[in-house]
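Before any comments, here is the structure.
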Amino acid sequence: MRITVLAGGVGAARFLRGLKAAAPDSQITVIGNTGDDITLFGLHVSPDLDTVMYTLGGGINDYQGWGRQEESYTVLAELSAYGAGPDWFGLGDRDIATHLHRTSMLGAGLPLSAATRVLCQRWQPGVTLLPMSDDRIETHVVLRDEEGERTVHFQEWWVRLHAAVPAAGFVVTGAAQATPAPGVLEAIALADVVLFPPSNPVVSIGTILAVPGIADAVRAKTVVGVSPIIGGAPVRGMADKCLAAIGVEATAAGVAVHYGPALLNGWLVDERDKGALDAPELAGIAVRAVPLYMSDLPATAAIARAALDLAQELSG
Ligand code: GDP
Ligand code: CA
């Protein structure tokens, strides 16, 4: 079976670990969000691609959910001794090696998709990991407070400001002119099912869908999504802040309505959100309630299994 997954960072990576366990013989292609990418100290950092690569390759700091295990921060400490910023983005020494290698490949003229392929030769994630685009796309956040209106890189809002300043909206620079990376549209077209893991609907999956051509390709397929919202709150992180910024209710049903029945055929909600099963606003989307906490590998594999079962039901 061919499965294509649109992926953000931590939520997606955990789900993918379960998906691999649930469907060991399937061919999985992951289309990763690059809207979170940022240049720091001249280095091209791709947080979501790396979270997926490290998690599936066995190098992730499991407790944090991002970054390398057994990490040290000597380089960052030396930079801050120079007063060189920013100091709010956790760049560990092991992680920096990845960014150095990626940046030197990009500098030599390789596209991001080829550089990602090279990095994955080491990590062997067991999936084909593709960036959504080889073109530079960056999510920026419009902030409006007593200082007036200003726009900052998504990472600055998320990591430095902890999303505490309300966002008035998002601007995905470069998206409108971008094209999907090689293999992206093919992986969607050839898929038996397209899955939305419990990733941020706005700044992870929303950004991937903003690359011209991807949403149309996805719409033609059987699509099953997993709610990142349980009982009205994101399980980890601050996805509710992103939903509020675009006027979407931070509930399992609200997110499904936001995707809409033209895109989404099936939707898994947590048992706590059973109310969504017969919500009239979800007409046209097949909703099932199962436990959605990715507490360990067996629990996560069961979620992936439920998503595949629903996909089979919908396409069979
Ligand atoms: P990011 O790029 O690192 O923010 O990661 P993603 O966009 O892939 O995923 C973030 C989302 O994962 C958040 O909105 C969380 O609510 C969701 N999430 C994290 N852990 C769980 C879990 O155990 N179950 C569910 N259903 N969602 C989760
Ligand atoms: Ca992310």
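The values are calculated or read from the model by the stated rules, or taken from the named source; none is laboratory data. Computed from a predicted structure; not experimentally measured. Because the Cβ atoms are built from the backbone with ideal geometry, glycine has one as well, and the counts that use them run over all protein chains shown. We work out accessible area using only protein heavy atoms, side chains counted, and drop any ligands, DNA or RNA first. Shrake-Rupley method; radii C 1.70, N 1.55, O 1.52, S 1.80 Å.
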Residues whose built amide H sits under 5 Å from the amide H of L6, excluding neighbours closer than 5 in sequence, are I31, L195
Heavy-atom accessible area of I188, protein chains in place, probe 1.4 angstrom, given in Å² to nearest 10, is 0 Å²
Heavy-atom accessible area with a 1.4 angstrom probe orders E186, E70, most exposed first, as E70, E186
Mean accessible area per residue over the chain (1.4 angstrom probe, all protein chains present, square angstrom) is 42 Å²
Per-residue accessible area, 1.4 Å probe, largest first, puts Y54, Y82, Y73 in the order Y82, Y73, Y54
Looks like region 1-76, by Cα gyration tensor root eigenvalues a ≥ b ≥ c and the a/c under 1.5 rounded cutoff (else prolate when a/b is bigger than b/c, oblate otherwise), is oblate
Rounded to whole angstrom, the alpha-carbon centroid of region 183-262 lies from that of region 125-141 at a distance of 15 Å
Mean Cβ-within-10 Å packing, highest first, puts peptides 243-254, 97-108 in the order 243-254, 97-108
Listed residues D50, D36, D87; largest mean-square fluctuation, Gaussian network over the chain with Cα springs below 10 Å, found at D87
In vacuo Debye sum over C-alpha of region 125-215, base-10 log of normalised intensity I(q)/I(0) at q = 0.15, 0.25 Å⁻¹, listed in q order, is -0.66, -1.30
Result row for the chain, helices from DSSP H with C-alpha axial extent 24 Å or more and mean Kyte hydropathy at least -1.0, is 297-315
Row for region 252-316, column shape: gyration tensor on C-alpha, a ≥ b ≥ c, rounded if a/c < 1.5 i.e. under 1.5, prolate if a/b over b/c, else oblate; value oblate
Quick shape check on region 202-316: root eigenvalues a ≥ b ≥ c of the Cα gyration tensor, a/c under 1.5 is rounded, otherwise prolate if a/b tops b/c, else oblate, and it reads rounded
Expected unfolding gain across E70-E146 under the 0.36 nm per residue rule, minus the alpha-carbon gap, is 23.2 nm
Carbon and sulfur atoms account, in whole percent of the 1.4 Å probe accessible area of the chain, for 53 percent
Taking the chain and counting helices only, DSSP H stretches of n ≥ 4 at -39,500 (n - 2.57) each over all residues, the nearest-500 ellipticity at 222 nm comes to -10500 deg cm²/dmol
Taking 255-262, 292-299 and ranking on average Cβ neighbours within 10 Å, highest first, one gets 255-262, 292-299
As straight-line cross-link partners of K221, the qualifying aspartates and glutamates (C-alpha separation under 18 Å, not fewer than 8 residues apart within one chain) are E186, D192, D309, E313
Counting only DSSP beta bridges fully inside the chain, the antiparallel percentage to nearest 5 is 45 percent
The answer for H140, listing residues at least 5 apart or on another chain whose modeled amide H is closer than 5 Å to its amide H, is F154, V171, V172, T173
In whole percent, the Cα-Cα distances of the chain spread across 20 Å bins from 0 upward as 34, 59, 7, 0
